[in-house]
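The values are calculated or read from the model by the stated rules, or taken from the named source; none is laboratory data. What you see is a predicted model, and the numbers here were worked out from it, not measured in a lab. With ideal geometry, Cβ positions are generated from the backbone for all residues, glycine too; neighbour counts draw on all protein chains shown.
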Amino acid sequence: MGRVTPREWAWVSVFAAVVMLVTTVPYWVAWSSQTPDLRFGGFVWGVEDGNSYIAKMNAGANGAWLFTLPYTSEPQTGVFIYSFYLTLGRLAGGGHDRLVAVYHIARWVCGFALLLVSYRFLAEFLLRIKQRRLAVVITALGGGLGWALMFLFPAGVFDSLPIDVISPEAFTFLNLYGLPHLAFARCFLLLGLLAYWQDHPYWAGAWLFAVSLIQPLYVLIAWALLVGDQFVGAWRTMPASLSLITGRLWPTLLLSSPVVLYTIYIFIADPLIQQWNVQNVLPSPHPLHYVFGYGVLLGVGAWGWRGLWRRRPRLARFVSLWVCAAPFLLYAPIATQRRLIEGFQLPLVVLATLALTVTFRRYRRWLIPLSVGAIIPTSVLLLVTGSLSALAHNPLMFHTQDELATFDWLARQGAAGQVVLSSRETGNVLPAYTPQIAYIGHGPETLFIAGKAPRVAAFYQAVTADDERRQLLAEGHIAYVLFGPHEHALGDFDPQKVPYLRLEFTAGEYKVYIVE
């Protein structure tokens, strides 16, 4: 079962290349719309997080093997996480343009690989070539009905945007569009599941170990599914506990556990990483968002389960387990609930494909276009809005030459690890261009941001007492203070009137002061 012919590999390779080319269109529009004064920063979606990934690559380019938060001033020793981006940075070398170029090469390579691996995964369930092709098209380009919610409620509904706009774990297209590390992690996750089904526990453990190097949380999802599958499969013949002890699952669990256990340890033992975890909150939105996101796949796919059970009962049992476990995973008592939906789209695609091509085969000529047409508009909307934002020179995506000259000066004159005070907007970009640390610049990665944000705003206001400013500079170990448009928007403080700040650099509206 699951054999893929060379002709199929050729077809899916061409398809994957076309899809990755399509996802690159907004980036090409942005690069093409640069002006002599406005330069594209490299991202059209998830810009704030995108800058943080380049900042991590920048740290790797500067020799780091251990990760330290680039947006917080507290002294750090470094931990073994985000090795994907640190390694990319070492491969890329220094310079923002080079880092962004390598990032998008990785996006292409990892996205291309994910579509090939997804095809192989889908082939394990689907016997016919036409079924596999339909399934991989839905996987690559399909979303939910979020496009309808976006038109009806542009600001969001139930305190959230649609999941097919914000959750790369829920829908593959978002990984292809902008997140190479998550695409690569899913490749290994799917390969691990395939090895498990083929009774290769050591290979399963090896693939899941590779997952743990990129996104350890995904390994916990795999463990839950594999252990659950063992329990469900053994309950009629022997106690489930005995099955787990004597079964072949233990090599998989043991081989995949070292990085997971290390990560759990540092999130408990390291107070700074613990605080980061407290701030890194990704709750699952209202259940109706998942109804809108997966409604078409679930509605159609419910009719495909019977066909899967007839052909592959073991895989049908596994899919049933995953479907039943999903609600519990999504609302588990952890801060990053939303990530636990990882990969769930694929089994739903399998069920929907079987329903469209087998159960409802008499109506497939109109039902397939209708179903696919209902779930592709979100991906189209993301591509169109990204391109339009680029054409409009969205200030989040573009940086002025004066801003870049300021970052270039800091990179050349400042020492690595020195702290720079600025607004959050400027601070988010700064570590992507320089080896310095931003005092504030990223929601989860600026520790104690709730207390720091008002202090930064007060610093730039003329009414604030000098003692308060001096206290912030000392406690934050701040070496430089930056003034630009975003900082002037915070207040009317004139740094030239105080003796503890000395002007060191000017470029248009941007000024850098050294703390004395």
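Points worth noting:
- Criterion: in a helix (DSSP H, G or I), of a type in the set (V, I, T), surrounded by fewer than 22 Cβ atoms within 10 Å (Cβ to Cβ) and assigned by TED's automatic domain parsing to the domain that holds A185 - qualifying residue of V323, V300, V350: V323
- Look at the range 23-42: where a residue is on the phi > 0 side of the Ramachandran plot and a partner is buried (at least 20 other Cβ atoms within 10 Å of the Cβ) and not hydroxyl-bearing (S, T, Y), sitting 6+ places away or on another chain with Cβ atoms under 7 Å, you get G42/G50; G42/I54; G42/V100.
- Failed condition for L86, given (1) touching a Gly at 6+ places or on another chain (Cβ under 8 Å); (2) aliphatic (A, V, I, L, M); (3) touching a residue at least 40 places away in the same chain (Cβ under 8 Å): (3)
- Residue in the range 95-107 that is over 17 Å from G178 (Cβ atoms), surrounded by 19 or more Cβ atoms within 10 Å (Cβ to Cβ) and either of a type in the set (G, A, S) or in contact with an Asp or Glu (Cβ under 9 Å, 6 or more places away or on another chain) (or both) present: no
- Verdict on E468 being touching a helix residue (DSSP H, G or I) at 6+ places or on another chain (Cβ under 7 Å), touching a residue at least 60 places away in the same chain (Cβ under 8 Å) and of a type in the set (D, E): no
- Sole residue being in contact with an Asp or Glu (Cβ under 6 Å, 6 or more places away or on another chain) and either crowded, with 23+ Cβ neighbours inside 10 Å or more than 19 Å from L340 (Cβ to Cβ) (or both), chosen from F153, F184, F209, F171: F171
- Within the range 444-463, residues that are at positive phi and among the hydrophobic types (A, V, I, L, M, F, W, C) sit with their Cβ atoms under 8 Å from residues that are surrounded by 16 or more Cβ atoms within 10 Å (Cβ to Cβ) and not in a loop (DSSP other than H, G, I, E, B), at 6+ positions apart or across chains, in these pairs: F448/Q275.
Each row is one residue, and each column tells you yes or no for (1) out of contact with any strand residue (DSSP E or B) (no Cβ under 8 Å at 6 or more places or on another chain); (2) farther than 29 Å from M397 by Cβ; (3) surrounded by fewer than 17 Cβ atoms within 10 Å (Cβ to Cβ).
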position: G451; (1), (2), (3): yes, yes, yes
position: A474; (1), (2), (3): yes, yes, yes
position: H477; (1), (2), (3): no, yes, yes
position: Q496; (1), (2), (3): no, yes, yes
position: V512; (1), (2), (3): no, no, no
position: E516; (1), (2), (3): no, yes, yes
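- The residue that is surrounded by the fewest Cβ atoms within 10 Å (Cβ to Cβ), counting only those in the range 190-206 that are free of Cβ contacts under 8 Å to residues at least 60 places away in the same chain and assigned to a helix (DSSP H, G or I), is Y202.
- Single residue of the range 328-347 satisfying the filter (without any contact (Cβ under 8 Å) to a residue 24 or more places away in the chain and not aromatic (F, W, Y)) that is surrounded by the fewest Cβ atoms within 10 Å (Cβ to Cβ): P333
- Among the helices (runs of 4 or more DSSP H) confined to the range 416-510, the ones with at least 2 residues that are closer than 21 Å to E403 by Cα and over 28 Å from the mean Cα position of the chain (by Cα) are located at 449-459, 485-488.
- Test: residue in the range 157-178 that is farther than 27 Å from P285 by Cβ and in contact with a Cys (Cβ under 9 Å, 6 or more places away or on another chain): no
- Condition check for S389: farther than 19 Å from D159 by Cβ, part of a helix (DSSP H, G or I), of a type outside the set (D, E) and modelled with pLDDT of 95 or more: yes
- Taken over the range 326-347, the criterion of being β-branched (V, I, T) and either closer than 22 Å to G233 by Cβ or in a loop (DSSP other than H, G, I, E, B) (or both) is satisfied by I334, T336.
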